[in-house]
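The values are calculated or read from the model by the stated rules, or taken from the named source; none is laboratory data. No experiment lies behind these values; they were computed from the predicted model shown. Every residue, glycine as well, gets a Cβ built from its backbone with ideal geometry; the counts of neighbours run over all protein chains shown.
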Ligand SMILES: Nc1nc2c(ncn2[C@@H]2O[C@H](COP(=O)(O)OP(=O)(O)O)[C@@H](O)[C@H]2O)c(=O)[nH]1
Ligand SMILES: [Mg+2]
C-alpha cells in the first residue's frame, strides 16, 4: 500500500454514500433522501488494522464527465488524489447505472472496491445479485452493504486493501460464453454506448430479477406524484406542516419566551445596564421605558428576543418537519409534482424547499437556497421569497386581524411570486439548468438520522445566523441614532399615502416591520382604516422590506450567491418594483371595483 | 362485497360530507356550525377552507377505493393515503390545542392538568372524530414486510 492512500466514496447521488461514510468513519453527517444534498465534501479518518487513512464523502456524480458543480467537485477529487482507493457505492436496486460508473472508473485505471448498498431494498424488490460472479467478472471486490444498519461495513473495511484496478477488455474476456455478443475489445476509451452494452452483458450474467408485487410504499409513492391524488395530499402535508409550526413555535414564543423576556430579562437589563441615556445604552438596551422586548429595540433586548425567542423556535419546528419530509422521500415527490410550475420562472421543483420553509420563517428559507445549482437560481429564489412569502408569524397575525381576506392575500402574493419570477428570470443573466429530479423510494424516516440532521442544522443556525441577526439590530439602531430612519419616514410618508391610498400613520408600522413583520401588522390594527385600506397595508407590509433577520441572512448568503451587492441590491430593486407595481395594481383593482 | 369496501365506503361518505360542509363554511356560505345541533362536532377555525379541501379529497379517495374494490392493492394504497390525510389534519388540531393550553396564564409556567384536559375536550373537528376510524387502514400495511 502506498503512503496512506485516500479512500474516496464515489457514486450516484442518493445511493447512501453519506450513510456509509458515517458507518465507516464513525462520523455523523446528514444523509438525505433526495439527490444533490452533498455539494460540499466531508473528510474524516478511517481506522484500519494498520493505522488510519483519510476517507472522503465525495459529492454524488452520474458520470465522470461533469455537468454541474457537484459533479465537477467529484471529478476533481479523483484527479487530485494520488492513487486513491475508490469505494464505488452502487444502489443495488438500480444496479445498471451504478455499474456504468464503476466501469468508467475502472477504465480510467483506478483501484476500486464496489459497495452494493441498499442490499435490503434490493432483496425486497426481487433483485438477486450473484455477488461472487459479479466480483469475478469485474475483477474487483464486491461487498453487499446496508449502510443504514451497518451491515457489511466491516467486510467493506477489510476488503479495502484488496482494491485493485481492472481493465474493461479483461471483463469482456471473462464474460461467460453466450452473453458477450459482439463486444470484443470495443469498449476501450470513452464510448458510452459500448460501455452500456458491457453493463448489460455484466448484468445479464450476474443479476436476476424476480417478479414481485409492488409494495404499499410503491403504490403510495405513485399516488403522491400523480396530480389528481398528489395535489390534495400536498395540501394536507403543507397544511400539517404549517399547523405544526404554529403550534410548536407559538408554544415556545408566546408561551415561554415572551413572558420570560418581557417580565424578567427586559426589566432586569434595563435596571442594571449602566449609562441610561448614553448611546451604548441605546444601542444595546434601547428604550429604557419599553415594556416589551419588541419595542425596546436594543441588541440585547429586541435582538436577542428575535433571534432566540422568535426565530429559534421557528427553526426548530420547521427543520424537524423538513427532516422528516426529506427522509421519508416525500420532499422529492413534492418537487416533482410542482416542477412544471417552477420551470416557468427558471427554477426547478426543489425550489419548493426554501419556499415551504419561508412560510414558517424566511431566515431558514434563505439559507436553504444553498442547495440550488446556480447563482441565478439562488438569487431568484432568495429575492422572491423574501419579498413575496409572508412568514408564519405574519400569517398568524393576518389570520387574527382579517381572517376573511387572508386566503385572498396569500393568493395575490403567490401570483406576485410567479409573475415577478418570470420577469426576473428574463432580466437576470445566468443559467438555470434542468435537473432530472430523481424520485427516491418512500421510506420510514429514521429517528437517529432525523435528530442528527436537526442538531446539525440548529447548531449551524446558532453559530452562523444568530450573530448576523444581532448585528442587524445594531445597525438599525445606528441608523436611528443617525436620524436616517426619521428622515426615511418623512420622505416616504407622502409617497406611500399618495400611491397606495393608505393613511400616513402606517409609516411607523412599516418601519417596525423591519424588526418583526407580524408586529407591524398588529400595529396596523390600531390605525382606523377602511377594510380595503387594511388589506392594502397588510399586503404592503408583507411585500415590503424583509425583517432584519432575513435581511441579515440575505447579506450572509449573498456572499456565496453571487456577491453581497448584487444579491442585496437586486433584492431591494425587486422589492421596490414589487411594492409599487404589485401594490399599485391592487389599489387600481380596488379603485376599479369601487372599494378603495 | 368485502367488509372493508362497505366500511371505507361509509367512512368516505361521512368524511366527504364533513369536508364539503367545511369548504362551504370556509368560502363564507351562511351554513350554521353543526355544533348548534350536535354538541361534539364543530366545523370552524383557521384555514377552514383548506382543511375542508383535504377532508373532501380524503372522502373521495375512500369512496373511490371502496367502489373500485379494496381487494386491489392500488386501491388499498389510496385508502391508506386518505387516512394519512385525515390523521394529519386531526393531529395538527390536537397538537395545537395541547401546546396552546400547556403554558397556561401569565401566573404559572405549566397549566394545571384540569385546564389542559378541558382544552382537549369536545367539541372536536370532524377530522379528529374520523381519525380513529381511519386506523383500520393500517391493516393494509401489516400484511407486508416492513416497507
Ligand atoms: N434501506 C436503505 N436505505 C439506505 C441505505 N443506505 C442509505 N439509505 C438511505 O438512503 C438515503 C440516501 O442516503 P445518503 O447517504 O444521503 O446518500 P448520498 O446522497 O449517496 O450521500 C437516506 O435516506 C438513507 O437513510 C441502505 O443500505 N438501505
Ligand atoms: Mg451525501
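Key figures
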item	result
Any hit, region B:41-63, residues being over 14 Å from the mean Cα position of the chain (by Cα) and over 20 Å from residue B:90 (Cα atoms)	no
Some residue of region A:242-255 being under 26 Å from residue A:339 (Cα atoms) and more than 7 Å from every other protein chain (Cβ to nearest Cβ)	yes
Qualifying position, being more than 20 Å from residue A:541 (Cβ to Cβ), out of contact with any strand residue (DSSP E or B) (no Cβ under 8 Å at 6 or more places or on another chain), at pLDDT below 85 and assigned by TED's automatic domain parsing to the domain that holds residue A:538, among A:374, A:406	A:374
Output for region B:34-51, where each listed residue is touching a residue at least 12 places away in the same chain (Cβ under 8 Å), assigned to a loop (DSSP other than H, G, I, E, B) and more than 14 Å from every other protein chain (Cβ to nearest Cβ)	B:39, B:40, B:42, B:43
Filter result for the condition that a residue is touching a strand residue (DSSP E or B) at 6+ places or on another chain (Cβ under 9 Å) and over 30 Å from residue A:218 (Cα atoms), over A:258, A:308, A:299	A:299
Subset of region A:21-53 (residues that are touching a strand residue (DSSP E or B) at 6+ places or on another chain (Cβ under 6 Å), at pLDDT 80 or above and more than 9 Å from ligand 2 (Cβ to nearest atom))	A:24, A:25, A:44, A:45, A:46, A:52, A:53
Single condition residue A:373 does not satisfy, out of (1) outside any helix (DSSP H, G or I); (2) buried (at least 23 other Cβ atoms within 10 Å of the Cβ)	(2)
Residue that is at negative phi and touching a strand residue (DSSP E or B) at 6+ places or on another chain (Cβ under 8 Å), where the choices are A:175, A:105, A:137	A:105
Any chance residue B:80 is surrounded by 20 or more Cβ atoms within 10 Å (Cβ to Cβ), modelled with pLDDT of 95 or more and within 8 Å of chain A (Cβ to nearest Cβ)	yes
Exclusive hit being within 25 Å of residue A:321 (Cβ to Cβ) and outside any helix (DSSP H, G or I), set A:395, A:410, A:347	A:347
Any hit, region A:205-212, residues being without any contact (Cβ under 8 Å) to a residue 40 or more places away in the chain and either surrounded by fewer than 20 Cβ atoms within 10 Å (Cβ to Cβ) or in contact with a helix residue (DSSP H, G or I) (Cβ under 7 Å, 6 or more places away or on another chain) (or both)	no
Checking residue B:13 against (1) more than 26 Å from residue A:325 (Cα to Cα); (2) under 11 Å from the mean Cα position of the chain (by Cα), the condition it does not meet	(2)
Every residue from region A:137-155 that is touching a helix residue (DSSP H, G or I) at 6+ places or on another chain (Cβ under 7 Å) and either under 15 Å from residue A:204 (Cα atoms) or assigned to a helix (DSSP H, G or I) (or both)	A:137, A:138, A:153
Filter result for residue A:218 (within 9 Å of chain B (Cβ to nearest Cβ), in contact (Cβ under 8 Å) with a residue 40 or more places away in the chain, in a helix (DSSP H, G or I) and surrounded by fewer than 21 Cβ atoms within 10 Å (Cβ to Cβ))	yes
Test for residue A:321: is it out of contact with any strand residue (DSSP E or B) (no Cβ under 9 Å at 6 or more places or on another chain), within 25 Å of residue B:109 (Cα to Cα) and assigned to a helix (DSSP H, G or I)	no
Checklist (1) in contact (Cβ under 8 Å) with a residue 60 or more places away in the chain; (2) at the interface with chain B (Cβ under 9 Å from one of its Cβ atoms) applied to residue A:200, failing item	(2)
The listed residue being surrounded by fewer than 23 Cβ atoms within 10 Å (Cβ to Cβ), more than 14 Å from chain B (Cβ to nearest Cβ) and touching a helix residue (DSSP H, G or I) at 6+ places or on another chain (Cβ under 7 Å), out of A:284, A:280, A:324	A:284
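Conditions (1) more than 28 Å from residue A:226 (Cα to Cα); (2) facing chain A (nearest Cβ under 10 Å), marked per residue:
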site: B:54; (1), (2): no, yes
site: B:74; (1), (2): no, yes
site: B:84; (1), (2): no, yes
site: B:87; (1), (2): no, yes
site: B:97; (1), (2): yes, yes
site: B:120; (1), (2): yes, no
site: B:124; (1), (2): yes, no
site: B:135; (1), (2): no, no
site: B:138; (1), (2): no, no
